[in-house]
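The values are calculated or read from the model by the stated rules, or taken from the named source; none is laboratory data. Not measured: the values here are computed from a predicted model. For neighbour counting, all protein chains shown are included, and Cβ atoms are generated from backbone atoms with ideal geometry for every residue, glycine included.
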Amino acid sequence: MSKGRRIVLATLGLGILMLSLSASSGASVLMQYMQTEDPAYTWRPTSQTLLPDDLLLVDLQLTSQRWHGIRWQHTLRLLLPRRLGQKPPLVFLWITGTGNEERELWNGRFMARKVRAPVMILHDIPNQPLFEGLEEDDLLAYTFVRSMETRDPTWLLLLPMVKGVVRAMDAGQEFLQQEYGTPVAGFVLAGASKRGWTSWLTAGVDPRVRGIAPVVYDNLNLPQQMRHQLEVWGRFSDEISEYTERSLPQRLLAQDQQAQALSAIVDPFTYRARLTLPKLLVIGTNDRYWPLDALNLYYSELRGKTYLLYVPNAGHDLGAHMESVLNSISAFFLSLEGRLPFPRLSWETRDEDSSVTLSISSDLSPQTVRIWIARSQSRDFRNAYWQAFPMHQGFQGYAYTLRREAASHVAFFGEAVYQALDIPFSLTTTVRLVPPLRGEGEDRGREK
């Protein structure tokens, strides 16, 4: 196909997308954007380096698209074991922004040593700064407003963010086929914050994604999440001020039609019927972006195998906890390749008048099972300190009984620690909040 014909088709596709927005669901808008051909897509190798840990580092310069006249360019790094097996491998893809390349490379090398499979690190999701210096949430919120003002969904920054990931998978797949004759079995995506958000959305539109591990993105079911913040804190999180200053959550809760249409496109909850693939959700207990029990607003609606990893005393930046998180993600990846049995963790809580009991069972034997407990004078646990206590082993599993307290709110979750293929990893239960005995009726009425 000639370059001129590709440009005409790309322009026509975007025009149809804009005209059909009023009749389209959010999922179909994202899918149409992904399917619109973009002649700007290209990639080329720029360097190869043999690293001391017997990994080959290949750097690609990727152009994923042209978005509203802006050419999106990315550094795409591949970490390859010296020998690729005959079986088409799964590829792990870590999505990141414009942060510390050395730290991201350390994370990638850590994963590559654990899984001995191709690992890709995609930078510059999104391309930034844009529009006179806007970055991260400020940039994202700006494009939300621009989309509503123009009634053009292609202004939503998450659309080119997802397309950047799709094009990175294309480039990685093409490179491995051309250079090594190695087809790819699929991809496992992970990323933090907005990149975790992007992982969800990419999995909703690209069948090559076989698993996702979104990190510190606990915000599915957007209308309910915004309402929940007001119920728990009496105000929106200060961490989303870029959105509240532009009245985006306020418009969503006021059932503004444009805000609702926007939410339907970017909320992974829209895609939940398609998201049947395995998922490992990583959440910091002290993340200031959302209430502690935000997961409970969507967890029961998720389909397929869904595993949880709450990280105690961790905020939006996991910091020193990152190595243990990467171990759990590595084990999750290996389980998808069939190289490591992944546990099936089950739990239940039983309420009595003055106590609550958490019970846990596992089909594989854990090394340790413990309960993490935090207390607060209100339902706000952002500054709470979490302490671990061993759970009591019985014939049918593990259990721990907490006494309800007169004046304090109590939160808890269980953690099971395993080891396989020399990888220590953890899985957790959901978080449960227990209101104090005093004022019980009011608190229970507000719990979800």
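The table that follows gives values for the structure above.
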quantity	calculated
Residues satisfying the stated conditions in region 254-267, i.e. assigned to a helix (DSSP H, G or I) and of a type in the set (A, V, I, L, M, F, W, C)	A259, A261, L262, A264, I265, V266
Qualifying residue in region 79-95 (condition: closer than 16 Å to D124 by Cα, in contact with a Lys or Arg (Cβ under 7 Å, 6 or more places away or on another chain) and in the same structural domain as L130 (by TED's automatic domain parsing))	yes
D267 being in the same structural domain as P214 (by TED's automatic domain parsing), of a type in the set (D, E) and either at positive phi or crowded, with 18+ Cβ neighbours inside 10 Å (or both)	yes
Boolean, G85 is among the small types (G, A, S) and either under 21 Å from V184 (Cβ atoms) or in contact with a His (Cβ under 6 Å, 6 or more places away or on another chain) (or both)	yes
Region 331-371, residues that are free of Cβ contacts under 8 Å to residues at least 40 places away in the same chain and of a type in the set (A, V, I, L, M, F, W, C)	F342
Filtered residues of region 234-250 (kept if over 20 Å from S193 (Cβ atoms) and either surrounded by 13 or more Cβ atoms within 10 Å (Cβ to Cβ) or among the small types (G, A, S) (or both))	G234, S247, Q250
Selection status of V184, surrounded by fewer than 22 Cβ atoms within 10 Å (Cβ to Cβ), within 16 Å of F92 (Cα to Cα) and not small (G, A, S)	yes
Number of the exception - T75 against (1) modelled with pLDDT of 95 or more; (2) under 28 Å from E245 (Cα atoms); (3) not aromatic (F, W, Y)	(2)
From the options A294, A213, A273, A261, residue that is assigned by TED's automatic domain parsing to the domain that holds P126 and surrounded by fewer than 18 Cβ atoms within 10 Å (Cβ to Cβ)	A273
Those helices (runs of 4 or more DSSP H) lying entirely in region 171-253 with at least 3 residues in contact with a strand residue (DSSP E or B) (Cβ under 9 Å, 6 or more places away or on another chain)	194-205
Only one of L336, L364, L421 that is in the same structural domain as K305 (by TED's automatic domain parsing) and within 27 Å of V115 (Cα to Cα)	L336
Scan of region 143-185 for residues that are in contact (Cβ under 8 Å) with a residue 60 or more places away in the chain and closer than 13 Å to R246 by Cβ, ordered by number	F144, V145, S147, M148
Filter result for G319 (out of contact with any strand residue (DSSP E or B) (no Cβ under 6 Å at 6 or more places or on another chain), farther than 25 Å from V216 by Cα and assigned by TED's automatic domain parsing to the domain that holds D238)	no
Subset of region 117-139 (residues that are of a type outside the set (G, A, S) and out of contact with any strand residue (DSSP E or B) (no Cβ under 9 Å at 6 or more places or on another chain))	P129, F131, E132, L134, E135, E136, D137, D138
Strands (runs of 3 or more DSSP E) wholly inside region 324-411 that include at least 1 residues being within 25 Å of the chain's Cα centre (by Cα) and surrounded by fewer than 16 Cβ atoms within 10 Å (Cβ to Cβ)	345-351
Strands (runs of 3 or more DSSP E) wholly inside region 64-137 containing at least 1 residues that are surrounded by fewer than 17 Cβ atoms within 10 Å (Cβ to Cβ)	70-81
